[in-house]
Amino acid sequence: MDDIVSRLTRELGPDAVLLGDDVRARATGWGRPGPCLAKAIVRPRTTDEVSRTLRLCWEAHQPVVPQGGLTGLVGGTVPAEHEIGLSLERMTAIEAVDPATRTMTVEAGAPLQAIQQAADEHDLLFPLDLGARGSCTIGGNVATNAGGNRVIRYGMTREMILGLEAVLADGTVLTSLNKMLKNNAGYDLKHLFIGSEGTLGIVTRVVLRLREKPKSHNAALVAASDFANVAALLAAVDGGLGGTLSAFEVMWEPFYQLVTSEPARNRPPLAYGHPYYVLIESLGSNQETDTERFEEVLGQAMTAGLLADAVLAKSRAERDKLWAMRDDVEQLGRLAPIFTYDVSLPIPTMPGYVDEVRAGLAAQWRDPKCVVFGHLGDGNLHVIVSVGNGDLPTRRKVEEVVYGPLRTRGGSVSAEHGIGTEKRKYLSWSRTEAEIAAMRAIKQALDPRGILNPGKVLEATEIHARA
Ligand SMILES: Cc1cc2nc3c(=O)[nH]c(=O)nc-3n(C[C@H](O)[C@H](O)[C@H](O)COP(=O)(O)OP(=O)(O)OC[C@H]3O[C@@H](n4cnc5c(N)ncnc54)[C@H](O)[C@@H]3O)c2cc1C
């Protein structure tokens, strides 16, 4: 047995260290069924065990790949043969819900959906919500600064975290389990770990900020005949709903058709034939008055000619159906092989951007498929492309077509999924040299041996296992 692996097995016990077939049988990420190549997967039960694991790996210059729910979309959890996976799957406790401070303290491996339910049981809300809620973990959400469906109202994960505990590369435990909204006592270190994709430390515990549970819920699907109307509609509902707008999800028609046609189970709530469909949701405090206001604002938008058609959800079941349709990304598999992208850019530049991408694809491939949808209220589009046979050279060419037009528009190659390995080549298309140099300096300061998730976000610096 590899030296470091036997030391870890002695330190944590054999059931904490998976080897051989138990490792090969594991997935390495979303849509990556395996085999997992890692030389071992370590499954600590406590922060102390994470610390002891990293201390041993630090001493051995052993690279470690943190793993949460494996729903990340940019290759951040894929270990190479010489690497060890560190899974948080046995650290899933919801330690405390404190209605007085409106906080919840959880271990990093707790699934997002379990956290949502625990908040709900206390008549509170943890607002983060995404399609992968049943599988993704809060540690993964923190490490990717996940966005999701309600960013327009509650912000990204970063805005929902009050404190956290992380274990540094050398095993040092950094406990910052702050529960206060305000704490300007020096650097707010939690922000180093939020969105760092496991490259600066392993998140082990988190203090979450809970919110009042909304007492009213309204949703509608509307259709618009051009993009100017979509943008004007966003301004109209955001202003008209007085801060209660919680989602503004836009589907270009090809996406809408895909998720509402056989074999998808969703039926189209509005007829086909409109270029844009928008799912609008508001969360408020009084069902009667909020519904009145919701209908009034949409009525005004209709009168102003911003809407071509609209359907209001009249019950929770109808609302759930609208969301099920929007979230039915499994249907994208019907276009396989596909390449998926998650970009952000200023809203007014979006139609020109999509046109340029489509033209770029048409110039290189016959009959390209390009399906667009996304959290438009947050400036975030998901672009799905189906061309060629899905091989790596094709993918690289498509990336140039999809990412290239972002540069002149001040856009980002990653709105919410992170960089991982998949977008590393394009980091400099969205960040300046000085920004990347600062990222390297932080990495060097916290992990000078480069053992934490090497090659993710930034090029690996040195480091391969000695043993
Ligand atoms: C159907 C579907 C819908 C999705 N929708 C959205 C969406 O709307 N918005 C969005 O932002 N994302 C979305 N995602 C992407 C994904 O769900 C998020 O990135 C999620 O936050 C990942 O959580 P995870 O626990 O699965 O992390 P993993 O995939 O296990 O890991 C992701 C990254 O975080 C690191 N990591 C994991 N746990 C820790 C830890 N405890 N400490 C340090 N580093 C860690 C890993 O090394 C890796 O780099 C979606 C994915 C799917 C499959």
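Overall, the range 21-175 carries a charge dipole of about 380 debye about its Cα centre when +1 sits on the Cβ of Lys and Arg and -1 on the Cβ of Asp and Glu, all other atoms neutral. Neighbours of Asn380 by Cβ distance under 13 Å: Lys/Arg scored +1, Asp/Glu scored -1, total -3.
I'd like the orientation of helix 3-12 relative to the chain: the angle between its Cα long axis and the longest Cα principal axis, in ° from 0 to 90, rounded to 10. Once rounded, one gets 80 degrees. Projecting the Cα atoms of Met439, Tyr353, Pro393 onto the charge dipole of the range 329-450 (Cβ charges, centred on the Cα centre) puts Pro393 farthest toward the positive pole. Return the aspartates and glutamates within reach of Lys443: Cα separation strictly under 20 angstrom, same-chain partners fewer than 8 residues apart disregarded; answer none if there are no such residues. Leaving aside aspartates and glutamates fewer than 8 places away in the same chain, those within reach of Lys443 are Glu59, Glu83, Glu165, Asp170, Asp188, Glu197, Glu422, Glu433, Glu435, Glu459, Glu462. Helix 316-326 sits at what angle to the longest principal axis of the chain, using alpha carbons and giving 0 to 90 degrees rounded to 10? Between helix and principal axis, roughly 70 degrees. Under a model in which nothing but the beta-carbon of Lys, Arg (+1) and Asp, Glu (-1) is charged, the range 147-284 shows a dipole of about 600 debye around its Cα centre.
Between His191 and Glu59, the simple spin-label model (points 7 angstrom out along Cα→Cβ) gives 3.7 nm.
P(r) tail for the range 212-356: Cα pairs beyond 20 Å make up 50% of the total. Across the accessible surface of the chain, with the other protein chains kept in place and a 1.4 Å probe, carbon and sulfur atoms take up 52 percent. Heavy-atom accessible area, probed at 1.4 angstrom with all protein chains present, ranks Glu435, Glu107 as Glu435, Glu107, highest first. Of all lysines in the structure, those lying under 21 Å Cα to Cα from Lys397, and not within fewer than 8 positions of it along the same chain, are Lys369, Lys423, Lys425. Solvent-accessible surface (1.4 Å probe) assigned to Leu446 amounts to roughly 50 Å².
Taken along the Cα-to-beta-carbon direction at a fixed 7 Å, the label points for Glu459 and Gln113 span 4.2 nm.
Taking Cα centre as origin and charging only the Cβ of basic (Lys, Arg, +1) and acidic (Asp, Glu, -1) residues, the dipole magnitude of the range 202-265 rounds to 600 debye. Taking Cα atoms only, the orientation of helix 392-407 departs from the longest principal axis of the chain by about 60 degrees. For the chain, the solvent-accessible area of protein heavy atoms averages 42 Å² per residue (probe radius 1.4 Å; ligands and nucleic acids excluded). Taking a straight Cα-Cα cut-off under 17 Å and skipping sequence neighbours fewer than 8 places away in the same chain, the aspartates and glutamates within cross-link reach of Lys182 are Glu159. A compact globular protein would have a Cα radius of gyration near 2.2 N^0.38 Å; the ratio found for the range 299-424 is 1.20.
The values are calculated or read from the model by the stated rules, or taken from the named source; none is laboratory data. Every value quoted in this text rests on a predicted model; they were computed, and no experiment measured them. Counting neighbours? That spans all protein chains shown, and the Cβs are built from the backbone with ideal geometry, glycine included. Protein only, heavy atoms only, side chains kept; ligands, DNA and RNA dropped before computing areas. Shrake-Rupley method; radii C 1.70, N 1.55, O 1.52, S 1.80 Å.
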